[in-house]
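A.B. asks: Pasting a structure here, questions to come.
The values are calculated or read from the model by the stated rules, or taken from the named source; none is laboratory data. Values in this document were obtained by computation on a predicted structure and should not be read as measured data. So basically every Cβ, Gly included, is an ideal-geometry build from the backbone, and we count neighbours across all protein chains shown. Just so you know, the surface numbers come from the protein's heavy atoms only, side chains and all, with ligands and any DNA or RNA stripped out. Shrake-Rupley method; radii C 1.70, N 1.55, O 1.52, S 1.80 Å.
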Amino acid sequence: MTLKSDPALHPPLAGVHHTARPTWKLRETVEFYRDRMGLKLVHAISAKGWGPKGHPDFLHFFFDSGHGSTIAFFYYIGVEQPDYLRHRIDWDGDSVHTSWAVAQPQELLDWKKWLEARGIPVFMSVQHELIDSIYFRDPNGYLLEITYQLRAMGELDATDAQLTLAAAIAAETEAARGGSPFDGIETVWRRKVVLVQDLEGRG
């Protein structure tokens, strides 16, 4: 099991350029991000079809979210929203979300006040492991998050992540083979203990 990644093995990345999601609420989406959140509308693509046959005409528009990043939306013209693209306000739908960073803890409080003053409910504030976050929704129901990172991620975090995912993949693989059920996080923790003990023994 490899516990360290080597940045030299892949070309460099410079952060996230944009995230993109579909919307069937054009006016509401523009007014939310541009007028209520105050993000600058910086680019829009208007296209007649795209690539494969039968692709609908669409608008693809971008809002500035700081440090060269944007949040973007596709609006498909004349197309009914398919069921599989209807956002579910539940754990499965909310796993796909956008989280923006702030540099200071006070900025997180400032954003909470800013949003609530503009009628955008902040329905949850959570400190989880190494980030402190607030959560709210856009007119499509998409989950949005603003985060202050409490400390930098280090090598210990990377090693822990490698061990956790190695344990989870092993549990998933065994379950797929019918060896044992993979029905809870305890299975991962038990396997991770063995990996940690093995790592300590080799250390």
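A.B. asks: Would a scan of the range 103-121 turn up a residue that is more than 20 Å from ARG36 (Cα to Cα), part of a loop (DSSP other than H, G, I, E, B) and not β-branched (Val, Ile, Thr)?
C.D. replies: yes
A.B. asks: So, one more: Can you tell me which residue in the range 182-203 is farthest from ALA158 (Cα to Cα), limited to those that are part of a loop (DSSP other than H, G, I, E, B) and either touching a Ser or Thr at 6+ places or on another chain (Cβ under 6 Å) or open to solvent by 90 Å² or more (accessible area, probe 1.4 Å) (or both)?
C.D. replies: Only one residue fits best here, namely ASP183.
A.B. asks: Follow-up question, since we're still on this one. Pull up the range 140-153, narrow it to residues that are more than 29 Å from THR23 (Cβ to Cβ) and of a type in the set (A, V, I, L, M), then point me to the one that is most open to solvent (accessible area, probe 1.4 Å).
C.D. replies: MET153
A.B. asks: Give me a count of the residues in the range 104-139 that are surrounded by 11 or more Cβ atoms within 10 Å (Cβ to Cβ) and touching a Phe, Trp or Tyr at 6+ places or on another chain (Cβ under 8 Å).
C.D. replies: 18
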